[in-house]
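The values are calculated or read from the model by the stated rules, or taken from the named source; none is laboratory data. Because the structure is predicted, anything quoted here is derived from the model rather than measured. Note that we place each Cβ from the backbone using ideal geometry, even for glycine, and neighbour counts take in every protein chain shown.
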Amino acid sequence: MLEIDELAVRLPRTARPAIDHISLTVAANETVGLVGESGSGKSLTARAVLGLLPKDAQISGEIRMDGADVLTMSPAGLRRHRTHSAAMIYQDPRAALSPFRRIGDFLAEILREEIGAKAARSRAVELLELVGLSEPERRVRQYPHELSGGMLQRVVIAAALAGEPRLLLADEPTTALDVTTQAEIIGLLRDLRARMRTGMLFITHDLELAATICDRVYVMYAGRIVETGLTRRLFAEPRHPYTSGLLAATPRVSALGTLPPAIPGRPPDLLSAPPGCRFAPRCPHVMDSCTAAAPPLVDGVACVKAEL
Ligand SMILES: Nc1ncnc2c1ncn2[C@@H]1O[C@H](COP(=O)(O)OP(=O)(O)OP(=O)(O)O)[C@@H](O)[C@H]1O
């Protein structure tokens, strides 16, 4: 359904591409994770799928959604694409909603042009029901400040579902929520996926959270995919030292041990382009050959050590 092929995105005045020749697929009804630390290029990848890259970015490669080329779509085509084929669920629901607009108006606006004001208003009520909000008739008349963070995230999910998209792009959809509400929202996404048969690209820095919902995972580091595979396999036997580091840094995984060892150091910013493997400066297994050339992704992993 979604095919990203050798996508590269370079922002102005930077030393390396923010997205560096990544290839990624999501099949219909599949949930795929995109995992990595802050700044690795995850959100930019999601924005690329929506055709929302900065105007001054240099872009190469291809993004196809059901065969249609996203990077060359017309503005009207992109508007349709963002409602009916790929819709985004943003991280912070309060930032996605205007404090001055009623919930019902926010939802109805998405479909008003296509189906008319009256039908859009009743569809807003149906959508709130679909995402499990109680008393939807009352909710449509409320303003965002009258709802909790978890309820607002349900409204944002309802908005993404308005056009019955084939793919949901969920960018850290639970980061702004407490742990209990986080579990409820993950439960809702799982339930919706089963009922509506929507595919999902689930973006998170939390590998364990990805494991609770994703069939497959791509691990991203400094703009590149460093490892990919079935979630179960990646968890049981991570092959890239970065994946192992991410797992070891997950508090819930190492709950029985002492404090989780964080990966020492920080990812490179866009103004530096370490030669070879971008993880080499932080890697506990670094060898001379690691900085000579970037290891290609072979058999799901981009690491010289994994090939030995
Ligand atoms: N519009 C922009 N202009 C300049 N730099 C940008 C822009 N958007 C993203 N970047 C940079 O591109 C890199 C990748 O950003 P991106 O938001 O995709 O990372 P991320 O993995 O989603 O991180 P986070 O989890 O913090 O959102 C970062 O270094 C970021 O600062």
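Looking across Ile103, Ile89, one residue alone is among the β-branched types (Val, Ile, Thr), under 27 Å from the mean Cα position of the chain (by Cα) and at pLDDT 95 or above. It is Ile103.
Can you name every residue in the range 49-79 that is more than 9 Å from the ligand (Cβ to nearest atom) and aliphatic (A, V, I, L, M)?
Within the range 49-79, Val49, Leu50, Leu52, Ile59, Ile63, Met65, Ala68, Val70, Leu71, Met73, Ala76, Leu78 qualify.
Return yes or no: is Arg82 more than 11 Å from the ligand (Cβ to nearest atom) and touching a Leu at 6+ places or on another chain (Cβ under 6 Å)?
Working: more than 11 Å from the ligand (Cβ to nearest atom): yes; touching a Leu at 6+ places or on another chain (Cβ under 6 Å): yes.
When the stated conditions are applied, Arg82 passes them.
State whether the residues of the range 109-125 include one that is under 27 Å from Thr204 (Cα atoms), modelled with pLDDT under 95 and hydrophobic (A, V, I, L, M, F, W, C). Yes, the conditions are met somewhere in the range 109-125.
Please find, among Leu192, Leu234, the residue that is among the hydrophobic types (A, V, I, L, M, F, W, C) and surrounded by 22 or more Cβ atoms within 10 Å (Cβ to Cβ). Walk me through it before giving the result.
On the way: Leu192 fails: surrounded by 22 or more Cβ atoms within 10 Å (Cβ to Cβ).
Answer to the selection: Leu234.
Summed over the range 11-20, the residues that are within 9 Å of the ligand (Cβ to nearest atom), farther than 20 Å from Leu167 by Cβ and assigned to a strand (DSSP E or B) give a count of 0.
Report whether or not Ala8 is within 13 Å of the chain's Cα centre (by Cα), within 30 Å of Arg282 (Cβ to Cβ), within 16 Å of the ligand (Cβ to nearest atom) and not in a loop (DSSP other than H, G, I, E, B).
On the way: within 13 Å of the chain's Cα centre (by Cα): no; within 30 Å of Arg282 (Cβ to Cβ): yes; within 16 Å of the ligand (Cβ to nearest atom): yes; not in a loop (DSSP other than H, G, I, E, B): yes.
The answer is no for Ala8.
The set of residues from the range 21-43 being more than 16 Å from the ligand (Cβ to nearest atom), touching a residue at least 40 places away in the same chain (Cβ under 8 Å) and within 18 Å of Glu62 (Cβ to Cβ) comprises Ser23, Val26, Ala27. Taken across the range 160-167, residues that are within 29 Å of Arg64 (Cα to Cα), charged (D, E, K, R), touching a residue at least 24 places away in the same chain (Cβ under 8 Å) and surrounded by fewer than 21 Cβ atoms within 10 Å (Cβ to Cβ) do occur, with at least one present. Every condition in (1) hydroxyl-bearing (Ser, Thr, Tyr); (2) surrounded by fewer than 18 Cβ atoms within 10 Å (Cβ to Cβ); (3) within 16 Å of the ligand (Cβ to nearest atom) is met by Thr180 except one, and the failing one is (3).
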